[in-house]
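Q: First, the structure itself, so that you have it in front of you.
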Amino acid sequence: MVNRHSTNADADRTARTVVITGGSDGMGRALALERADRGDRVVAVGSSQAKGDLLIGDAAALGLDDRVEFVAADLSTVGSNQAVIEHVTARYGVIDALVLAANRQSPTRVETPDGIESTFALYYLSRYILSYGFMAALARSPTPVVVNVAGVGLTAGKIHWDDLQLRRRYRMVTAQLQAGRANDLLGVAVAEQHGAQVPYVLYHPGFTRSGGSALDQVNLLTRSLIKGLAAVAARPVERSIAPVHDFIDSPPAAPLTAVDRGRPVPLGLRTLNPGTAQHLTRATSQMLAADPTPDPREGDPR
C-alpha cells in the first residue's frame, strides 16, 4: 500500500532515480510504489511481464505511471543483467539508489543457460554484476547508495568452495544460505573498492509478510506451513521496507553498513571477512570469464 504522505518539502526536493530488482513483487513492489509516491523515478526490474503490467496499472491508478518503468529481465542470466545495465544507463545516466531484492527458491537444482546453479546466479551473481556494472552511474549521483537485501547477521551456511554450483549436494536451504553468505562478502568487497564514493548497505529485513512469489516453486505443504507461520510471526512489508527508505533518503557515511532487523551488525563478524571476500571475488571473476583452467589460489581459504 502506498502512503500518500507527500509534503511540500518532498515536492521541492530533487527527484532520485531508483533501480529496484525484484521490483514487481513483494517488498520490491511496495518500495517501488512508495518511492514513486515520494516523487522519485523508479525502474522496477522483474522476470514476469504480467506482474510488471500489474505494477504499472497500479501506479497509473495512483497517478504515478509517469514515474515508474518496468523492465522485464531474467536476472539469473549474465546477458540479461548486462542488458539491464546498458538500458538503464543509456536512459538515465545517473542512478541515485540501487536496491537489490530479487530472489527465488528452487526445491530442485536448476542450471541457467550459462550453466550456473540458478539460486547462486539470481541471488548472488546478478547482484555482483549489477553492483559493479552500475557503479559508474551511481558515482555520478551526489548521494548514491546500494542496498543489498539479503540475510546479513546470520552465520548459518557457508560457501562451498569446492562445489560452488552444488552439483554434489544441492538442497534448497543449502543454496539459499550459500548465496546469502556470498552477498555478505559481496558487500565487503564492493565497499572496500568503491564504498568511499558509493556507500554499500547490507540489510536483513527478517521474515516479512510480503505477499510475493518467492515460495511459488516449493511444494504445497511447505508453502502452507510457511504461510501459516507468516500470518502470526512475519513483519508487515511496510515495516520491513521503512529502513530502505531511510538508506535512500540519507545514505550512510560509512563505506559499508550492515543491519539485521534494526540492529547494527559488527563488521568484524566472520561472515564479513575481507580476505574471504577477495577470495570470492576472484572465484566469481573466473566464473564470469568462463575460464576452464583451475586457479591454484582457489579452494577453501580457511
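Where a number appears in this text, it was derived from the coordinates with a stated rule and is not lab data. All values reported here derive from a predicted model rather than from experimental measurement. Every residue, glycine among them, receives a Cβ derived from its backbone with ideal geometry; neighbour counts consider all protein chains shown.
Q: Where nothing but the Cβ of Lys and Arg (+1) and of Asp and Glu (-1) is charged, how large is the charge dipole of the stretch 14-289 around its Cα centre, in debye to the nearest 20? Write down the numbers at each step before the final one.
A: On the way: 27 positive and 24 negative charges, 174 e Å.
The dipole magnitude comes to about 840 debye.
Q: Net charge near Tyr170, counting Lys/Arg +1 and Asp/Glu -1 over other residues with Cβ under 13 Å of its Cβ?
A: Counting the neighbours of Tyr170, the net charge comes to +2.
Q: Classify the stretch 14-289 from the C-alpha gyration tensor, please: rounded if a/c falls under 1.5, else prolate or oblate depending on whether a/b exceeds b/c.
A: On the way: a/c = 1.34, a/b = 1.13, b/c = 1.19.
In terms of gyration-tensor shape, rounded.
Q: With a sphere of radius 12 Å drawn around the Cβ of Ile95, what net charge do the other residues whose Cβ falls strictly inside it have (Lys, Arg +1; Asp, Glu -1)?
A: Surrounding charge for Ile95 is +2.
Q: Just how far, in whole angstrom, is the stretch 242-286 from the stretch 112-177 if you go by their alpha carbon centroids?
A: Centre-to-centre (Cα) distance: 13 Å.
Q: Take Lys158, Lys51 and order them by how many other Cβ atoms sit within 10 Å, fewest up front.
A: Values: Lys158 14, Lys51 19.
Ordered from fewest to most neighbouring Cβ atoms within 10 Å, Lys158, Lys51 come out as Lys158, Lys51.
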